[in-house]
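Input: a single structure, listed below in structure tokens.
Please treat every number below as a calculation from the coordinates, not as lab data. Since the structure is predicted, the reported quantities are computational estimates derived from the model, not experimental observations. Using ideal geometry, Cβ is built from the backbone for each residue, glycine included, and neighbour counts are taken over all protein chains shown.
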Amino acid sequence: MSSDLAVTRRLGYLLKHAQLRLAELAEPLYAPLGVTGRQLALLTLFGDGPALSQQEGAARLGIDRTTMVALVDELEDKDLVRREVAPGDRRKRLVTLTAEGERVRAAGEDATRQAESRLLERLGEDDAERLRAALHRVVRGE
């Protein structure tokens, strides 16, 4: 067995390259929306459920606060989000989607589903769902 084949069978390699392939399929679908996959992830985070602060969002995504501020600045410059003072805590800023941000989030979710479907089409529905479920258990530590 060649060393190249051994490397390509490693889980880390497979996960990384599956992610790269997904980005390759998704980014062209996001481009007409004017956002990147990372920006869309933030729109999804801040548009899903009760309003979160930048700090709470950073904690959920596992990124540092400085990076989160820069990412929210980008979205605010595009008029996709706004920062609002939290009721009862003037120091805390909640991030909420604008109407345009909500439109882009919804369109981005459709684009993501298309890219994921293309990535997984060779597996068939049952295997694709099993893969999602298995990865979910791994990520959650279940």
* Taking the radius of gyration and the Kirkwood hydrodynamic radius from Cα positions alone, what is the Rg/Rh ratio for the stretch 63-142, to two decimal places? -> 1.13
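Taking 0.36 nm per residue of separation and subtracting the Cα-Cα distance, what length does fully extending L5 through V139 add?
45.6 nm
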* Structure fact -> The extension gain from D110 to Q55, computed as 0.36 nm times the residue separation minus the Cα-Cα distance, is 17.0 nm
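Only Cα pairs under 8 Å and at least 6 apart count here; give the relative contact order of the chain as a rounded whole percent.
On the way: 111 pairs, mean separation 35.3, N = 142.
The value is 25 percent.
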* Considering only A99, G49, G37, whose Cα is most displaced toward the positive end of the charge dipole of the stretch 32-142, charges sitting on Cβ of Lys, Arg (+1) and Asp, Glu (-1)? -> G49
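Nearest 500 deg cm²/dmol is fine: what mean residue ellipticity at 222 nm does the chain get from its DSSP H runs of n ≥ 4 alone, each adding -39,500 (n - 2.57), divided by its residue count? Let's see the in-between values first.
Details: 7 runs with 97 residues, N = 142.
Per the formula, -22000 deg cm²/dmol.
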* **Least to most buried among K16, K92 (fewest other Cβ within 10 Å first)** => K16, K92
* Structure fact -> When the chain is treated as a Gaussian network with springs between alpha carbons less than 10 Å apart, the largest mean-square fluctuation among L15, L75, L43 is found at L15
* Just rank Y30, Y13, fewest to most, by other beta-carbon atoms within 10 angstrom. => Y13, Y30
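Can you give the alpha-carbon Rg of the stretch 20-84 over 2.2 N^0.38 Å, where N counts its residues?
The stretch 20-84 yields a ratio of 1.13.
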* Choose one answer from A58, A106, A70: the residue with the largest mean-square fluctuation in a GNM of the chain with alpha-carbon springs under 10 Å. => A70
* Computed on alpha carbon atoms, what radius of gyration and Dmax characterise the chain, expressed in Å? -> 17.9, 64
